[in-house]
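Heads up: the structure comes next, in structure tokens.
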Amino acid sequence: MPKMTFVERDGTRREVEAPLGLSVLEIAHKHNVDIEGACEGSLACSTCHVIVEAGWFAKLETPTEDEEDMLDLAFDLQETSRLGCQLIMTPKLDGLVVKLPAGSRNAG
Ligand code: FES
């Protein structure tokens, strides 16, 4: 089973099992990682925002324009930001590391 790591807001790293075909958002929910995902993957919010660790960013599929548009609204946007609901686990992504942003929509 592939694994991935979530880096929590306080810097704690949590390695979890990441079943193929599930999105990073779904994997987070399975393991009670605090990513909201208010629209459940329909690209209508930005609360599933995650920051991908630099080395991994280039290995991901390019984001669609719709994803880019939603990302523009995300709080704490960074160069390697992506929407967790759009990142689907594949064998290539075994070991993926993503960080939770400083917040979602409370501020800004
Ligand atoms: S859950 Fe809303 S865009 Fe990802």
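The values are calculated or read from the model by the stated rules, or taken from the named source; none is laboratory data. Keep in mind that what you see is a predicted model, and the values were worked out from it rather than measured. Quick reminder, even Gly has a Cβ in these numbers, built from the backbone with ideal geometry, and neighbours come from all protein chains shown. Remember, those area values only see protein heavy atoms, side chains included, never the ligands or the DNA or RNA. Shrake-Rupley method; radii C 1.70, N 1.55, O 1.52, S 1.80 Å.
Does the range 3-99 come out rounded, prolate or oblate, given a ≥ b ≥ c as the square roots of the eigenvalues of its C-alpha gyration tensor, rounded meaning a/c under 1.5 and, failing that, prolate meaning a/b above b/c? Note, shape of the range 3-99 comes out rounded.
Here's how it looks for PHE75: its modeled amide H is under 5 Å from none belonging to a residue 5 or more places away or on a different chain. Rolling a 1.4 Å probe over the protein heavy atoms gives the chain an accessible area of 55 Å² per residue. Close amide H contacts of SER81 (hydrogens built in the peptide plane, cut-off under 5 Å, sequence separation of 5 or more or a different chain): VAL52. Approximating the spin labels as points 7 Å out from Cα along Cα→Cβ, the VAL16-to-GLU40 distance works out to 1.8 nm.
If you roll a 1.4 Å probe over the chain with all protein chains in place, what percent of the accessible area is carbon or sulfur? The value for the chain is 47 percent carbon and sulfur by accessible area. When shorter helices are ignored and each DSSP H run of at least 4 residues is given -39500 (n - 2.57), the per-residue value for the chain at 222 nm works out to -4000 deg cm²/dmol. Residues whose amide H falls under 5 Å from that of LYS3, counting only those 5 or more places apart or on a different chain, are ALA18, GLY95, with hydrogens built in the peptide plane.
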